[in-house]
Amino acid sequence: MRHITHGIRTPRISRLAGIATLVVAATFTGTGTALAHSTSASAVDQKADGVMVVAGNSCSWTNASTSAVPPNALTVDRATVNAPGGNLACGGGIAATLNNNPAFTFDEAAGTARTDLIDITGRQSFISCRYKATGIVWDRNATTGKYVNRAFTASKTSGSFLCPGSVTTPAGDASMLFH
């Protein structure tokens, strides 16, 4: 006879919270790093790479198109983040989709960036969770030029009852590099 533990739901819900955080953070990752600060960069240089790590799983993308180069205000084109036009991929059996084109503004003197809204959906198996976060602040690393997130909380806007009502992404769990 096989022994069945009763604690199976707790890891599943913890995993769902991790998925939700990963999804939200993955979206934010694409918004915060500015390496090239030249306003004379060509359209070919208007790209962004993003990385997010949550509970050992990673979501990332490369070469998403942006509308400008920092420190100019810009948006990140979700069609070049999400497949098939982009290469957003996550580990751990998670799939993520960016639902908006996040807008970023930069304060060069303070070394910060702000994102107006991140709207992202995460899926694992049959469970889907959609979250939005507003007013996210990113700090520029003076050595690498990357913008790294400050802690933020995203609220659930739709999805399974198994999805947490909100998720918090700790400071430093996401970064963005513009080039």
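The values are calculated or read from the model by the stated rules, or taken from the named source; none is laboratory data. Since the model is a prediction, treat every value here as computed from it, not as a measurement. In this analysis, Cβ positions are derived from the backbone assuming ideal geometry, glycine residues included, and neighbour counts consider all displayed protein chains. When the accessible area is computed, the model is the full protein with side chains, heavy atoms only, and any ligands, DNA or RNA have been set aside. Shrake-Rupley method; radii C 1.70, N 1.55, O 1.52, S 1.80 Å.
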Given (1) surrounded by 16 or more Cβ atoms within 10 Å (Cβ to Cβ); (2) under 21 Å from GLY172 (Cα atoms); (3) within 14 Å of the chain's Cα centre (by Cα), index of the condition ASN101 fails: (2)
Can you tell me which residue within segment 93-122, out of those that are part of a loop (DSSP other than H, G, I, E, B) and in contact (Cβ under 8 Å) with a residue 40 or more places away in the chain, is nearest to SER60 (Cα to Cα)? ILE94
Within segment 147-175, the residues that are under 23 Å from ALA48 (Cβ atoms), at pLDDT 95 or above and of a type in the set (D, E, K, R) are ARG150
Scan segment 104-118 for residues that are among the aliphatic types (A, V, I, L, M), more than 12 Å from the chain's Cα centre (by Cα) and open to solvent by 30 Å² or more (accessible area, probe 1.4 Å) and report the count. 2
Taking the options THR134, THR121, name whichever one is among the β-branched types (Val, Ile, Thr), surrounded by 13 or more Cβ atoms within 10 Å (Cβ to Cβ) and modelled with pLDDT under 95. THR121
Could you tell me whether any residue of segment 59-71 is crowded, with 20+ Cβ neighbours inside 10 Å, farther than 17 Å from PHE178 by Cβ and either out of contact with any Phe, Trp or Tyr (no Cβ under 8 Å at 6 or more places or on another chain) or free of Cβ contacts under 8 Å to residues at least 24 places away in the same chain (or both)? yes
